[in-house]
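**Q** Below is one structure. I have some questions about it.
The values are calculated or read from the model by the stated rules, or taken from the named source; none is laboratory data. The model shown is predicted, which means the values in this text are computed figures rather than measured ones. A quick note on method: Cβ atoms are made from the backbone with ideal geometry, for glycine too, and the neighbour counts reach across all protein chains shown.
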């Protein structure tokens, strides 16, 4: 299983970061809409043991991913998970299979992601229904250098998942508990229209 090591940065100007990386020779294929479904057993045992089973659709492709906490914790200022994923041919068929063997959709979420390759890191500029974030995936030595080059504030970081950040956002803003974080129909339609123009 490969290790995923990453850190999120909050309150960043995504447009400016994109311009910076482009000027410095970073590479991207542009923004795209992601749809994600997280599966669990009815007793939420996967969540309780720190395992994520996710089906993602992006750019007409589907990916099935399992993330889990390492058996032996790895001390790091980055968020560290063991990750295994595989492309799958049919999003709906895989959803049906997972539900047929006892899993259910625990929650769904969406984001517009623009992924850049920059300074030996994957820099993801993420727009979610409740905020904007920068997620940098790399190694212990590459993530800080990448973030510094982009002018990101080292005090504005979090190792929380988007799921946890959504729950925190809803609590802070007096909203009803809801694990889902999805764009409204109107926002989603506007996003799809704008992405089609790029």
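**Q** Considering only region 158-198, state which residues are surrounded by fewer than 13 Cβ atoms within 10 Å (Cβ to Cβ), at pLDDT 95 or above, at negative phi and assigned to a loop (DSSP other than H, G, I, E, B).
**A** Passing the criteria: 173, 175, 176, 177, 178, 184.
**Q** Which numbered condition trips up residue 91, out of (1) surrounded by 12 or more Cβ atoms within 10 Å (Cβ to Cβ); (2) more than 19 Å from residue 107 (Cα to Cα); (3) over 15 Å from the mean Cα position of the chain (by Cα)?
**A** (2)
**Q** Suppose the filter is in contact with a strand residue (DSSP E or B) (Cβ under 9 Å, 6 or more places away or on another chain), free of Cβ contacts under 8 Å to residues at least 60 places away in the same chain and surrounded by 18 or more Cβ atoms within 10 Å (Cβ to Cβ); does residue 62 pass it? Give the steps one after another, and end with the answer.
**A** Details: in contact with a strand residue (DSSP E or B) (Cβ under 9 Å, 6 or more places away or on another chain): yes; free of Cβ contacts under 8 Å to residues at least 60 places away in the same chain: yes; surrounded by 18 or more Cβ atoms within 10 Å (Cβ to Cβ): yes.
Considered against the rule, which asks whether it is in contact with a strand residue (DSSP E or B) (Cβ under 9 Å, 6 or more places away or on another chain), free of Cβ contacts under 8 Å to residues at least 60 places away in the same chain and surrounded by 18 or more Cβ atoms within 10 Å (Cβ to Cβ), residue 62 comes out as yes.
**Q** Considering every residue within region 48-57, establish whether at least one is in contact with a helix residue (DSSP H, G or I) (Cβ under 6 Å, 6 or more places away or on another chain), assigned to a strand (DSSP E or B) and free of Cβ contacts under 8 Å to residues at least 40 places away in the same chain.
**A** yes
**Q** Also, quick follow-up: With (1) over 20 Å from residue 109 (Cβ atoms); (2) touching a residue at least 40 places away in the same chain (Cβ under 8 Å) as the list, and residue 45 as the residue in question, which single condition is left unmet?
**A** (2)
**Q** Of everything in region 14-29, what is outside any helix (DSSP H, G or I) and more than 14 Å from residue 122 (Cα to Cα)? Give them in sequence order.
**A** Residue satisfying the conditions is 24 alone.
**Q** Applying the selection to region 135-153, what residues are touching a helix residue (DSSP H, G or I) at 6+ places or on another chain (Cβ under 7 Å) and not in a strand (DSSP E or B)?
**A** Answer for region 135-153, where residues must be touching a helix residue (DSSP H, G or I) at 6+ places or on another chain (Cβ under 7 Å) and not in a strand (DSSP E or B): 138, 150.
**Q** If you don't mind, there's one more thing I want to ask. Please determine whether any residue of region 117-127 is under 20 Å from residue 57 (Cα atoms), exposed (fewer than 12 other Cβ atoms within 10 Å of the Cβ) and either out of contact with any strand residue (DSSP E or B) (no Cβ under 8 Å at 6 or more places or on another chain) or modelled with pLDDT of 95 or more (or both).
**A** Quick first cut of region 117-127, residues under 20 Å from residue 57 (Cα atoms) only: 122-127.
Of the ones still in play, those that are also exposed (fewer than 12 other Cβ atoms within 10 Å of the Cβ) are none.
Scanning region 117-127 turns up no residue that is under 20 Å from residue 57 (Cα atoms), exposed (fewer than 12 other Cβ atoms within 10 Å of the Cβ) and either out of contact with any strand residue (DSSP E or B) (no Cβ under 8 Å at 6 or more places or on another chain) or modelled with pLDDT of 95 or more (or both).
**Q** Something else now. Could you grab me the full set of residues in region 95-134 that are assigned to a loop (DSSP other than H, G, I, E, B), in contact (Cβ under 8 Å) with a residue 60 or more places away in the chain and within 22 Å of residue 178 (Cβ to Cβ)?
**A** 103
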